[in-house]
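The values are calculated or read from the model by the stated rules, or taken from the named source; none is laboratory data. Because the structure is predicted, anything quoted here is derived from the model rather than measured. All Cβ positions, glycine included, derive from the backbone under ideal geometry; neighbour counts span all protein chains shown.
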Amino acid sequence: MIDVALEPLNDQRLVYVQEEPALEIALPQVFVQPELTALQRGRLPHVEAVVAQIFRRYRANPEAPLGPDYQELVTEFQPLFAWTIACWDYLLSTEGCRFLPRHGELRAGARGDYRAVTDKDYSRLVHTIFRHAVLEFAQQPEAQSLGPWLRERLWPRILETYRQLENPPDPRQRTLTPYSYLRCVPYQFLNDFHHELVYSTARRLQPPEWAAVDTYFLHFYTEPASADAVGCSVEELLARLRQGLRTLLLNDRLVYCLLRQIERY
């Protein structure tokens, strides 16, 4: 968050704006992960031979479906899938919510560029990771049994993949937060009056200051990416941001506050 260090001024009208405390979003409070008691049903003989057959089919045509053998493998490991689904509330409690970009019809009538990850998204993620793990196992000649392989690797990979969802598709942007369902690029204020007020007021800043405010606040760029976009060093970017924010704080405190609240998104 940008630190606006204001020097003492002989201005009786100056009011220092206190930062708002972080809001809290109610999430399921489940901080103990369910115990994994069973990996598979035990009804599919020669699991490793089935995996080898699946991999031969995949190597022959990577774009084709993996076939009925793969569906039998998924059925065999239903206890493992049931356990991963039971971990959904635990994951939300310990890692927090994550977001996915809206695409196509998901953008119709929606304000934000992102939507929250749901249990259905999580289920698809689990199945995708399971599929990749099975294909990777088939390429490890030293691995002898699929069950222990999955027990050791599946959950760490689910956790890693879920955590990576905080990174937006544009690497120039700051990481996503629990409020990123409000994030639009460029940022669009929910209230039309606020939207017009901020854009019309901020554009009256000096061009270098407006460019810094636009990239950092309204496009969510990181400090290095913002500096690269406006063609200056990070130190110079921060100086421009501080000067622009000082000007807004003195001349239009509402605009200043509306810009600063964007940083939480």
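Select, from Arg131, Arg163, the only residue that is among the charged types (D, E, K, R) and closer than 15 Å to Glu95 by Cβ.
Arg163
Which one of Ala143, Ala227, Ala133, Ala212 is closer than 20 Å to Tyr256 by Cβ and of a type in the set (Gly, Ala, Ser)?
Only one candidate qualifies: Ala212.
Can you tell me which residue within the range 135-157, out of those that are without any contact (Cβ under 8 Å) to a residue 40 or more places away in the chain and among the charged types (D, E, K, R), is surrounded by the most Cβ atoms within 10 Å (Cβ to Cβ)?
Of everything passing the filter in the range 135-157, Arg157 is surrounded by the most Cβ atoms within 10 Å (Cβ to Cβ).
I'm checking my understanding of the structure. Among residues of the range 158-203 that are surrounded by fewer than 18 Cβ atoms within 10 Å (Cβ to Cβ) and of a type in the set (Lys, Arg), which one is farthest from Arg98 (Cα to Cα)?
Arg203
I'd like the full set of residues that are assigned to a helix (DSSP H, G or I) and either among the acidic types (Asp, Glu) or touching a Cys at 6+ places or on another chain (Cβ under 8 Å) (or both), limited to the range 135-157. Full working, then the answer.
Our first condition is that a residue be assigned to a helix (DSSP H, G or I); within the range 135-157, this holds for 135-137, 146-157.
Result: Glu136, Glu152, Trp155.
Kindly provide the set of residues from the range 227-253 that are of a type in the set (A, V, I, L, M, F, W, C) and without any contact (Cβ under 8 Å) to a residue 60 or more places away in the chain, ordered by number.
Ala227, Ala229, Val230, Cys232, Val234, Leu237, Ala239, Leu248
For the range 215-226, how many residues meet the condition of being free of Cβ contacts under 8 Å to residues at least 60 places away in the same chain, out of contact with any Phe, Trp or Tyr (no Cβ under 9 Å at 6 or more places or on another chain) and buried (at least 21 other Cβ atoms within 10 Å of the Cβ)?
Within the range 215-226, residues that are free of Cβ contacts under 8 Å to residues at least 60 places away in the same chain, out of contact with any Phe, Trp or Tyr (no Cβ under 9 Å at 6 or more places or on another chain) and buried (at least 21 other Cβ atoms within 10 Å of the Cβ) number 1.
Is there a residue in the range 108-116 that is assigned to a helix (DSSP H, G or I) and either under 30 Å from Gly42 (Cβ atoms) or touching a helix residue (DSSP H, G or I) at 6+ places or on another chain (Cβ under 7 Å) (or both)?
Of all residues in the range 108-116, those assigned to a helix (DSSP H, G or I) come to none.
No, every residue in the range 108-116 fails to be assigned to a helix (DSSP H, G or I) and either under 30 Å from Gly42 (Cβ atoms) or touching a helix residue (DSSP H, G or I) at 6+ places or on another chain (Cβ under 7 Å) (or both).
Answer with yes or no whether Pro207 is in contact (Cβ under 8 Å) with a residue 12 or more places away in the chain, surrounded by fewer than 16 Cβ atoms within 10 Å (Cβ to Cβ) and not assigned by TED's automatic domain parsing to the domain that holds Tyr70. Can you show your working first?
Details: in contact (Cβ under 8 Å) with a residue 12 or more places away in the chain: no; surrounded by fewer than 16 Cβ atoms within 10 Å (Cβ to Cβ): yes; not assigned by TED's automatic domain parsing to the domain that holds Tyr70: yes.
It is false that Pro207 is in contact (Cβ under 8 Å) with a residue 12 or more places away in the chain, surrounded by fewer than 16 Cβ atoms within 10 Å (Cβ to Cβ) and not assigned by TED's automatic domain parsing to the domain that holds Tyr70.
Mind listing whichever residues of the range 81-103 are assigned to a helix (DSSP H, G or I), in contact (Cβ under 8 Å) with a residue 40 or more places away in the chain, out of contact with any Lys or Arg (no Cβ under 7 Å at 6 or more places or on another chain) and exposed (fewer than 15 other Cβ atoms within 10 Å of the Cβ)?
Ile85, Ala86, Thr94
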